[in-house]
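In what follows, a structure is listed as structure tokens, so that the remarks can point back to it.
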Amino acid sequence: MTVMESISARTDTCASAPEAHPRPEGQDHYTISEVVAFTGLTAHTLRWYERIGLMPHVDRSHTGQRRFRNRDLDWLAFVGKLRLTGMPVADMVRYAELLREGDHTFAERQELLETTRRDVRTRIAELQGTLAVLDFKIDFYGGARAASEPERV
């Protein structure tokens with residue numbers, strides 16, 4: 001199998017590989033309240049994600065109740081990571097649309113993620129500079145306080 005065949009054979013479920021969801025073994029159907037408990041998102045947010053196209057189609061039970069699946073939890077974990085990067089919601093929705101369009105959108109999806117990665121690296125560098133200033137000030141005040149304390153014998 002060639003590299004491209006291997007890539008095409010994979011499904012982009014957007015699972016964030018490092019962390020697994022705290023799910024009951026063997027279960028693959030969840031109510032909205034269970035998803036709220038697993039993700040920390042509100043039911044309102046989940047419905048909004050679905051309404052704006054950020055969530056793929058969520059199955060419904062015969063009574064119309066949403067039935068989320070493990071792939072939905074994987075997707076929500078990925079969206080959570082994207083939110084932490086500061087990616088605009090419009091870009092997340094665009095990514096979701098590209099994902100639904102299929103494999104021919106790999107390059108566009110990659111570019112969206114690379115742009116986000118550049119933004120994250122810039123923010124990390126800014127935060128490291130800020131941390132250095134804080135460390136300097138903390139050390140300064142620690143030294144100044146120690147110098148102003150009377151010597152104990």
Residue-ordered couplings for region 46-52, obtained by feeding phi - 60° into the Karplus form 6.51 cos²θ - 1.76 cosθ + 1.60 and rounding to whole Hz (Gly and Pro as x), are 4, 5, 5, 3, 5, 5, 8
For Arg67, other-chain or 5+-apart residues with amide H closer than 5 Å (H placed, Pro excluded) are Asp59, Arg60, Ser61
Distance in nm between Gln65 and Ser148 label points, each 7 Å along Cα→Cβ, equals 6.3 nm
Of Phe136, Phe68, ordered by accessible area with the largest first and a 1.4 Å probe, the sequence is Phe136, Phe68
Probe 1.4 Å, all chains present, heavy atoms only: Glu50 accessible area in Å², nearest 10, is 40 Å²
The extension gain from Glu114 to Ile52, computed as 0.36 nm times the residue separation minus the Cα-Cα distance, is 20.0 nm
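Say R0 is 41 Å: what FRET efficiency, to the nearest 0.05, do Ala132 and Ala90 get from their beta-carbon distance? All intermediate terms of the calculation are to be shown ahead of the outcome.
Details: r = 34 Å, r/R0 = 0.82.
Using R0 = 41 Å, I get an efficiency of 0.75.
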Other residues with Cβ under 13 Å from the Cβ of Leu54 give, with Lys and Arg +1 and Asp and Glu -1, a net charge of +1
Note, region 129-143: 3J(HN,Hα) by Karplus (6.51, -1.76, 1.60, θ = phi - 60°), whole Hz, Gly/Pro = x, goes x, 5, 4, 4, 5, 4, 4, 4, 5, 4, 5, 4, 5, x, x
Expected field for His44, accessible surface area in Å² at 1.4 Å probe radius, rounded to 10, holds 130 Å²
Interchain or sequence-distant (5+) residues whose placed amide H lies within less than 5 Å of the amide H of Met55 are Glu50
Heavy-atom accessible area with a 1.4 angstrom probe orders Ser33, Ser61, most exposed first, as Ser33, Ser61
With all protein chains in place and a 1.4 Å probe, Tyr141 shows an accessible area in Å² (nearest 10) of 130 Å²
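Let me check something: with ligands and nucleic acids excluded, how do Val89, Val133 order by accessible area (1.4 Å probe), largest to smallest? Intermediate results must be reported in sequence, preceding the final value.
On the way: Val89 60, Val133 90 Å².
These residues rank, largest area first, as Val133, Val89.
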In order over region 91-98: 3J(HN,Hα) from phi, Karplus 6.51/-1.76/1.60, θ = phi - 60°, whole Hz, x for each Gly or Pro, gives 5, 5, 5, 4, 4, 4, 5, 4
For region 100-146, the charge dipole (Cβ of Lys, Arg +1; Cβ of Asp, Glu -1; about the Cα centre) points to a positive end, and the Cα of Thr105, Thr122, Gly142 closest to that extreme belongs to Gly142
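The values are calculated or read from the model by the stated rules, or taken from the named source; none is laboratory data. The shown structure was predicted, so the numbers you read here are calculated from the model rather than taken from an experiment. Here Cβ is always computed from backbone atoms with ideal geometry, including for glycine, and neighbour counts include all displayed protein chains. Accessible surface is based on the protein model in full, side chains and every heavy atom, while ligands, DNA and RNA are left aside. Shrake-Rupley method; radii C 1.70, N 1.55, O 1.52, S 1.80 Å.
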